[in-house]
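The values are calculated or read from the model by the stated rules, or taken from the named source; none is laboratory data. If you're wondering where the values come from, they're calculated on a predicted model, not measured in any experiment. Note: ideal-geometry Cβ built from the backbone for every residue, glycine included; neighbour counts use all protein chains shown. Please note that ligands, DNA and RNA were not included when accessible areas were found on the heavy atoms of the full protein model with its side chains. Shrake-Rupley method; radii C 1.70, N 1.55, O 1.52, S 1.80 Å.
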Amino acid sequence: MKTYWQNYIDGAWVDGGAGRIDIINPATGEKLAEQALADAGDVDRAVQAARRVHLSGALSDLRPVERGRMVQAMGRYLLEHLDEIAKTLTLEQGKPLWEAEIEVRGAARYFEYYGNQAETVEGRSIPLGAGYFDFTTHEPYGVSAQIIPWNYPLEMTARSLSAGLATGNTCVIKTPELTPLTNAWFADAAEAVGLPAGAVNILCGLGHEAGAALSAHPDVNQIVFTGSVPTGIAIATAAAQNVVPCVLELGGKSAAIVCEDADLDAFEKDVRWGIYFNAGQVCSAMSRVIAHESIHDELVERMVSVAQSITVKPGIEQPEFGATMGAMVSDKQRDRAAGMVSDAQAQGATVATGGRPLNRPGAFLEPTVVTNVTPDMTIANEEVFGPVVSVLKASNDAEAIKIANGTPYGLVGGVFTRNLDRATQAARQVRAGQVFVNEWFAGGVETPFGGYGKSGYGREKGREALWNYVQTKNVAIKLNS
Ligand code: NAD
């Protein structure tokens, strides 16, 4: 692996005005590489390059199918480099190699999907009587600034970059300080498919420095942010100062409601994916389970056995798909999660299994199930962002929905029952942008994703996301008779 990774601005690999940052392998605690850190001057150069390409029309004047083909080709480029990207991702982020491969494929899938959508962004004609001809078109905003979190650095960038380019925007990506390395392949892909220099700029920098400079830059025309609520508020405030729109994809405290008639065998699989995938560092993780009281004890027993069946070890030793989990992203995140578990215990909850760091170097935490959690406890309301699921009890559907809706978040929710009426009622009542029935994470790139409440606004994925990247222009023509 390269020992020093630069930023990519205006088609060139460059050093950072703010120096370098060490990238740590969370599975060993050892230094993996150095990454250039951008300062406000670098951000300005990237934005000016993107603005120049936008104003030139090099992307926005293309017939959409041509743009779409380039976007699709970027996805294929990622797949052609799958092995090296996945390995780098595992080393910088901690996830099992097989999960990293899923992430590379997921990233490529965004380029396939939005490349396909490029030529579907159509306007409409509005009848104004015989004297006029009126139509709408959708034009790109211009420079799209995209600020990325460390948990899925490839997929989160792919999600906004593919839609931004497909609609004719130029992009400046601010990669996360903990996991910036794999984003370099997006720059290589942009070059390989023939995008003009400056259309895609990728830079790493500190949030309060490069991130703040990018979100406040007066020549940025639209912002997409994925990350925590406090940073989202800072970015929305900066966007408001420049009167530019932003999409906020923030955190969650999502709940699965498990009714007494649920298929518990199937639900066990959902626990595996819902909370232990990426060591629980997933915004839409199943971080709460609300169990009907009559099945509560059996459910806890099954969840504990799922947690205990998971092997935890360095991601690089996990090439094969299976019941395995890697390191969390950093010691700091691991300690924060373990601390939230002990605080919950102090507040009266029970740690049914897990809760402790592994006795070895690296940011490892045991897969954890916390029971006897009540809605007033901190762990029932705040995001752990780790492999920790909280189990709450409800005596009927109304109580379960009330608990599910009892946090300020509203990213996703789930209901598990064999009764379609019950599922449909619950799906209506859960306040979240996406509701899964009988399978956590059901859906895909095609289905819109985003939050209610403090989980954010705007939608990514699906056709809905396209409308975040374009503005509507109406053209009204007076006809001479
Ligand atoms: P974070 O908010 O700390 O950082 C996210 C990004 O914002 C990083 O690139 C960071 O450098 C940058 N940043 C930090 N301060 C900034 C500032 N003042 N101005 C501009 N940029 C700034 O979040 P994180 O810890 O990297 O990620 C974890 C959070 O992200 C969790 O809350 C998780 O739920 C959320 N998340 C949400 C989704 C989603 O789609 N809804 C997906 C993944 C993660």
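Any chance you could list P(r) for segment 350-481, counting all Cα-Cα pairs in 5 angstrom bins from zero, rounded to whole %?
2, 8, 13, 16, 16, 14, 10, 7, 4, 3, 2, 2, 1, 1, 1, 0, 0
Enumerate the amide H contacts of V200 below 5 Å, restricted to partners 5 or more residues apart or on another chain; note that Pro and chain-start residues carry no placed amide H.
Sorted by chain and number, the residues that satisfy this are C171.
Checking the a/c ratio against 1.5 first, then a/b against b/c, what shape does the Cα gyration tensor give for segment 242-364?
rounded
Determine the sum of side-chain charges near G413: Lys and Arg each +1, Asp and Glu each -1, restricted to other residues whose C-beta is under 12 angstrom from that of G413.
+4
Can you list, largest first and rounded to whole Å, the semi-axes you get for the chain by taking the square root of 5 times each eigenvalue of its Cα gyration tensor?
Its equivalent ellipsoid spans semi-axes of 39, 29, 19 Å.
Return the Rg/Rh value of segment 255-444, two decimal places, where both radii are evaluated on C-alpha atoms and Rh is the Kirkwood radius.
Checking Rg against Rh, the ratio lands at 0.95.
What longest range of the chain stays clear of loop-exposed trypsin sites (Lys or Arg not before Pro) (DSSP non-H/G/I/E/B, at most 13 other C-beta within 10 angstrom)?
By the stated rule (loop sites, at most 13 other Cβ atoms within 10 Å), 125-417.
Rank these by accessible area, largest first, 1.4 Å probe: L178, L195, L206, L299.
L178, L206, L195, L299
What ³J(HN,Hα) values, in whole Hz, does the Karplus curve 6.51 cos²θ - 1.76 cosθ + 1.60 give for segment 16-33 when θ = phi - 60°, with x put for Gly and Pro?
Here the 3J(HN,Hα) series is x, x, 9, x, 9, 10, 7, 9, 9, 7, x, 7, 10, x, 9, 5, 9, 6 Hz.
Rounded to whole Hz and in sequence order, give me ³J(HN,Hα) for segment 356-370 from the Karplus expression 6.51 cos²θ - 1.76 cosθ + 1.60, θ = phi - 60°, writing x for Gly and Pro.
Using θ = phi - 60°, the values come out as 10, x, 6, 7, 7, x, x, 8, 9, 10, 5, x, 10, 10, 10 Hz.
Would you tally the net charge around Y8, using a Cβ to Cβ cut-off of less than 13 Å, leaving Y8 out, and scoring K and R as +1, D and E as -1?
Combined, the nearby Lys, Arg, Asp and Glu give -3.
Report the convex hull volume per residue for segment 116-228, counting only C-alpha atoms, in Å³.
That works out to 138 Å³ per residue.
Can you give me the relative contact order of segment 255-444 as a percent, contacts being Cα pairs under 8 Å and 6 or more apart?
28 percent
Compare H217, H54 by solvent-accessible area with a 1.4 Å probe and give them largest first, with all protein chains kept in place.
Accessible-area ranking of H217, H54, largest first: H54, H217.
May I ask you to list the lysines whose Cα is less than 27 Å away from that of K31, ignoring any residue fewer than eight positions away on the same chain?
K2, K87, K95, K174, K313, K332
Taking the 0 to 90 degree range and rounding to the nearest ten, how far is the long axis of helix 153-166 tilted relative to the main principal axis of the chain, both from C-alpha atoms?
Once rounded, one gets 30 degrees.
Please report the antiparallel percentage of the DSSP beta bridges confined to the chain, to the nearest 5.
Here the share of antiparallel DSSP bridges comes out near 40 percent.
Find the centroid of the Cα atoms in segment 351-392 and in segment 403-458, then give the distance between the two in whole Å.
22 Å
At 222 nm, what helix-only mean residue ellipticity would the chain give, in deg cm²/dmol to the nearest 500, using -39500 (n - 2.57) for each DSSP H run of four or more?
For the chain, the value works out to -11000 deg cm²/dmol.
Mind checking the angle between helix 420-429 and the chain's longest principal axis? C-alpha axes, 0 to 90 degrees, to the nearest 10.
60 degrees
Solvent-accessible area of T88, probe 1.4 Å, all protein chains present, reported in Å² to the nearest ten, please.
Here the residue's solvent-accessible area equals roughly 10 Å².
Based on the alpha-carbon gyration tensor of segment 439-481 and its eigenvalue square roots a ≥ b ≥ c, which shape applies: rounded if a/c is under 1.5, prolate if not and a/b is larger than b/c, or oblate?
Prolate.
Does anyone have the angle between helix 82-93 and the longest principal axis of the chain? Alpha-carbon axes, 0 to 90°, nearest 10?
Once rounded, the angle reads 60 degrees.
Mind listing which GluC sites (Glu not before Pro) in segment 347-443 are in a DSSP loop and have 16 or fewer other Cβ atoms within 10 Å?
Qualifying residues, ordered by number: E382, E439.
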